[in-house]
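What follows is a set of notes on a single structure, which appears directly below.
The values are calculated or read from the model by the stated rules, or taken from the named source; none is laboratory data. Only a predicted model underlies this, so the values are computations on that prediction, with no experimental measurement involved. Because the Cβ atoms are built from the backbone with ideal geometry, glycine has one as well, and the counts that use them run over all protein chains shown.
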Amino acid sequence: MKGESGVDLVLLGFGFLVVCGAIVVLVRVVLRPNRRSDAMVRRPDWRTLWGPGNVSASGVRSLRRLAREYEEGTPAHRVLTELVARREWAGGPRTGPRPPEVDAGMRWDGWLEIMGRSDRLARRCVREVRTYVGSGDFPFGGWETIAPGQEQTARWASGLEPCARMAAFELIDLGAKPWGAKCFVDPRTGAPVLRYRNGTLRVADRWPRPGSAE
């Protein structure tokens, strides 16, 4: 009998130790700092970072490269650096206020200058912003298709000037180079125009500059 009582006491003590150990582990888990929450504070808010209004990581590099080709304070430089700052703010800890926005008229001026370029970097930046941010700040948006043989547009079409493939053409051909199409520009508005082999024209709509009387 005494032997059985001793065994029972040993088992009871062992069970007590197991329960105490489980309680200690549970307390540590409950009181341990939430490292995942801390990481989420430090890491980007992916919903904001990749949502409308922010360029991609590769786009940031392109925008920075293009911004370095302009003098600081110019419209083109300011609109490019604003997009970079906005993206970095969305992907950072957000310890400070949201970057100030550039005036809408200055953004329009900046993009008008950028879209007049014919280099690949400028075209890449226009595609990036069009895809991830939108075309609301662009001087051109949307397009119209003009069928050949329309008398009311014949005189206007005769005044179009041949030009290189400017960055503005990214807005009307959606990145696909139309077979046999030639690039023109409206000298009055600066709008890009594609002329197809059959004479059909595709012209970008020019949006008025914010704050102007156009």
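Quick check on my filter: what residues within the stretch 101-145 are closer than 26 Å to residue 89 by Cβ, touching an Asp or Glu at 6+ places or on another chain (Cβ under 8 Å) and of a type in the set (Asp, Glu)?
The one that is closer than 26 Å to residue 89 by Cβ, touching an Asp or Glu at 6+ places or on another chain (Cβ under 8 Å) and of a type in the set (Asp, Glu): 101.
Would you point out the residue of the stretch 119-161, among those that are touching a strand residue (DSSP E or B) at 6+ places or on another chain (Cβ under 8 Å) and part of a helix (DSSP H, G or I), that is nearest to residue 108 (Cα to Cα)?
157
Every residue in the stretch 145-162 that is modelled with pLDDT of 90 or more and charged (D, E, K, R), please.
Scanning the stretch 145-162 gives a single hit, 161.
Consider residue 183 carefully, then state whether it is on the phi < 0 side of the Ramachandran plot, outside the structural domain of residue 104 (by TED's automatic domain parsing) and not in a loop (DSSP other than H, G, I, E, B).
yes
Quick grid of which residues meet (1) farther than 20 Å from residue 63 by Cα; (2) not assigned by TED's automatic domain parsing to the domain that holds residue 87:
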site: 106; (1), (2): no, no
site: 111; (1), (2): no, no
site: 119; (1), (2): no, no
site: 124; (1), (2): no, no
site: 154; (1), (2): yes, yes
site: 163; (1), (2): yes, yes
site: 167; (1), (2): no, yes
site: 207; (1), (2): yes, yes
